[in-house]
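Since the structure comes first, as structure tokens, the remarks are kept for the end.
The values are calculated or read from the model by the stated rules, or taken from the named source; none is laboratory data. Note that the structure is predicted; figures quoted are calculated from it, not measured. FYI the Cβ positions are ideal-geometry reconstructions off the backbone, even for glycines, and counts take in every protein chain you see.
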Amino acid sequence: MGLAGASGLVMPGLLGKGQAFAAPPDKPTGQVIIGFSQEPTVFNPHMPHIEVDEGIHFSVFDPLFAVNPEGKFTPALAAEVPTVANGGISEDGLNWRVKLRDDVTWHDGTPFTAEDVKFTLELLVDPQFRSWRRTGHDLVRDIEVVSPTEITWRMEKPYAPYPSILAATFIVPKHILEPEADRNNAPFNNAPVGTGPFKWVERVAGDHIELAANEDYFGEGPYLERIIYKYIPDLTVLYTQFKTGDIDVIGLQWITPDHYEEAKELPGKAVAVVPSATVESVTFNMERPQFKELAVRQALYHAIDKETIIDALYYGLPAPTETYMPQQSFYYNPDLPKHEYSIEKANALLDEAGWMPGDDGIREKDGVRLSFSNSTTAGNHIREQVQQFMQQSFKEIGVEMTISNLPPAVMWGEYWMMSQFDSVVVGINFLTGADPDTSDYFRSTSIAAQGGAGQNTWQYANPEVDKLLAEGGRLFVPEKRKEVYLKIQEIMRHDLPFLPMFQYATVRGHKEGVEGVTPNVNVRIDSWNVGTWHWA
């Protein structure tokens, strides 16, 4: 039931030159300002959200157990990580018994118990609740609260990814949410109460979120009195504020590659290139008539000069890829067809498929013009340059792409989650921890715009992929699972619901003296361990 594989991505903490670790303070002291280029807006961790929201979730809530940079599970609200060896999981993977800590309280002083765990697992599959993930949780049956510190349940069938899913499942308070008639619009969703190292203080929309130390926290820390998550949408301004010292840690979307040479020489700053599991892609809404034909998607891929984009705009830092799987993962498929930039092949594909230029030079077929919008986060200047680059290339093959960028809170809200876009430039970490399961993204029942629960925002449906995902979820031996996920990657590379560009290499930085800032490829946000951060 352990995790296999992506931990090869891990780097040690970002330390300043010659800096040694200092002991944390005896009580919470000082504050850290973390800059994010996207604004956290979803504070109930079980509603549809993106990576940046998890910065708040990790600060305010806890899972039963967490995953560390080495890919190992560590106890959180659970007294121990359930395994076959300790009797927490039966040998067939069907029966679970989780023992909980007895010294945890919610931020309002109410004791945490097994009732909260039961409530959370049931909330995630409640058809009246806008759940961001039902995959895995929908297999849980017969939940029984044995005592305040022990809970059991049965799985409908063995599901290998479930430990990784649980490690990304924050427990929420039954006593606050259960009485709410409409949990989608509960006051809790705008002022969360958790068990985590920091308590909610306030949100100033469009500017910042303030959290204060939970001095009754059961775990390590917190060592800071206060955390400020500051929203700075323009990446150049974000870097400038890091450079001038207005922010202490530069978080999502980090330092852009064009500033790396200067940033690594900044005095008093610790800066490093950190590989990430996130993959940048050009994503299609497969329900748009322009994208239904494979030849169109293949032609658009041929028309993208991926190598020049990486070298000229990203300074050669990211690694080109043909898949959504991190290249350091045990499940990575290295044998996929390599992308070829060829305007000639792109034009030939469209000619053969019957897409003919109209009077204005834009191709059309059966009354559909090969014209669409492309969206991404407004203020991300490098992505905006990528869009302009693609726009020119597509023009050469008779395709019209208009640029329609939006503020992050709008871009990654309903517009993204409910598939209201034509096409998007987006970076996604497709994995849950190091587990290779991507049911939440590729399964046909995970299309939120069609009433499903999940993040299949491209509205991709392939019965063979559905079947393979189900098979992969039943296998527990990594070598056997690998065959399944190699095949899924092969199909995704053929079908091209998104055009894979590159795997991130992110330039991260913080002030020297902020300790505990440690990259973790198995989570989606920098501040996964913010409770242990402190000043030297």
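Among the residues of segment 475-499, the one identified as aromatic (Phe, Trp, Tyr), out of contact with any strand residue (DSSP E or B) (no Cβ under 7 Å at 6 or more places or on another chain) and closer than 30 Å to Ile304 by Cα is Tyr485. Looking at this structure, is Tyr231 within 25 Å of the chain's Cα centre (by Cα), hydroxyl-bearing (Ser, Thr, Tyr) and modelled with pLDDT under 95? No: the conditions fail for Tyr231.
Please tell me if Ala277 is crowded, with 24+ Cβ neighbours inside 10 Å, at pLDDT below 95 and closer than 30 Å to Ser329 by Cβ. For Ala277, the condition - crowded, with 24+ Cβ neighbours inside 10 Å, at pLDDT below 95 and closer than 30 Å to Ser329 by Cβ - is met.
Exactly one residue out of Lys365, Lys345 is basic (Lys, Arg) and closer than 30 Å to Tyr315 by Cα, and it is Lys345. If you check Val67 against the conditions, is it under 18 Å from Val145 (Cα atoms) and β-branched (Val, Ile, Thr)? The answer is no for Val67. Evaluated against (1) assigned to a helix (DSSP H, G or I); (2) free of Cβ contacts under 8 Å to residues at least 60 places away in the same chain; (3) surrounded by fewer than 17 Cβ atoms within 10 Å (Cβ to Cβ), Phe389 falls short on exactly one condition, (2). The residue that is surrounded by the fewest Cβ atoms within 10 Å (Cβ to Cβ), among those in segment 97-133 that are under 17 Å from Asp182 (Cβ atoms) and among the charged types (D, E, K, R), is Asp126.
Residue-by-condition table, conditions (1) within 19 Å of the chain's Cα centre (by Cα); (2) over 26 Å from Ser371 (Cβ atoms); (3) in a loop (DSSP other than H, G, I, E, B):
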residue: Val426; (1), (2), (3): yes, no, no
residue: Tyr441; (1), (2), (3): yes, yes, no
residue: Thr445; (1), (2), (3): no, yes, no
residue: Gln455; (1), (2), (3): yes, yes, yes
residue: Trp458; (1), (2), (3): yes, no, yes
residue: Val465; (1), (2), (3): no, yes, no
residue: Gly473; (1), (2), (3): no, yes, no
residue: Phe476; (1), (2), (3): no, yes, yes
residue: Lys480; (1), (2), (3): no, yes, no
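The residue that is modelled with the lowest pLDDT, among those in segment 209-221 that are closer than 17 Å to Ala76 by Cα, crowded, with 17+ Cβ neighbours inside 10 Å and out of contact with any Asp or Glu (no Cβ under 8 Å at 6 or more places or on another chain), is Gly221. Here Gln298, Gln328 are screened, and the one residue that is under 22 Å from Phe421 (Cβ atoms), touching a helix residue (DSSP H, G or I) at 6+ places or on another chain (Cβ under 6 Å) and surrounded by fewer than 21 Cβ atoms within 10 Å (Cβ to Cβ) is Gln298. The residues of segment 147-166 that are surrounded by fewer than 23 Cβ atoms within 10 Å (Cβ to Cβ), modelled with pLDDT of 95 or more and in contact with a strand residue (DSSP E or B) (Cβ under 6 Å, 6 or more places away or on another chain), listed by number, are Thr149, Glu150, Thr152, Trp153, Arg154, Glu156. If you go through segment 25-38 and pick out every residue that is touching a strand residue (DSSP E or B) at 6+ places or on another chain (Cβ under 8 Å) and surrounded by fewer than 23 Cβ atoms within 10 Å (Cβ to Cβ), you end up with 6. Residue count for segment 510-525 under the criterion of being touching a helix residue (DSSP H, G or I) at 6+ places or on another chain (Cβ under 6 Å) and within 15 Å of Ile250 (Cβ to Cβ): the result is 1.
Elements of the type helices (runs of 4 or more DSSP H) sitting completely within segment 259-362 and holding at least 1 residues that are polar (S, T, N, Q) and without any contact (Cβ under 8 Å) to a residue 60 or more places away in the chain: these cover 343-352. Would you be able to say whether some residue in segment 106-122 is under 26 Å from Ile447 (Cα atoms), under 18 Å from the mean Cα position of the chain (by Cα) and modelled with pLDDT of 95 or more? Looking for residues that are under 26 Å from Ile447 (Cα atoms), under 18 Å from the mean Cα position of the chain (by Cα) and modelled with pLDDT of 95 or more, one finds none in segment 106-122, hence no. Residues in segment 363-386 that are among the aliphatic types (A, V, I, L, M) and either on the phi > 0 side of the Ramachandran plot or part of a helix (DSSP H, G or I) (or both): 2 in all. When the criteria are applied in full, Arg183 fails the requirement of being on the phi < 0 side of the Ramachandran plot, out of contact with any Ser or Thr (no Cβ under 8 Å at 6 or more places or on another chain), modelled with pLDDT of 95 or more and surrounded by fewer than 19 Cβ atoms within 10 Å (Cβ to Cβ).
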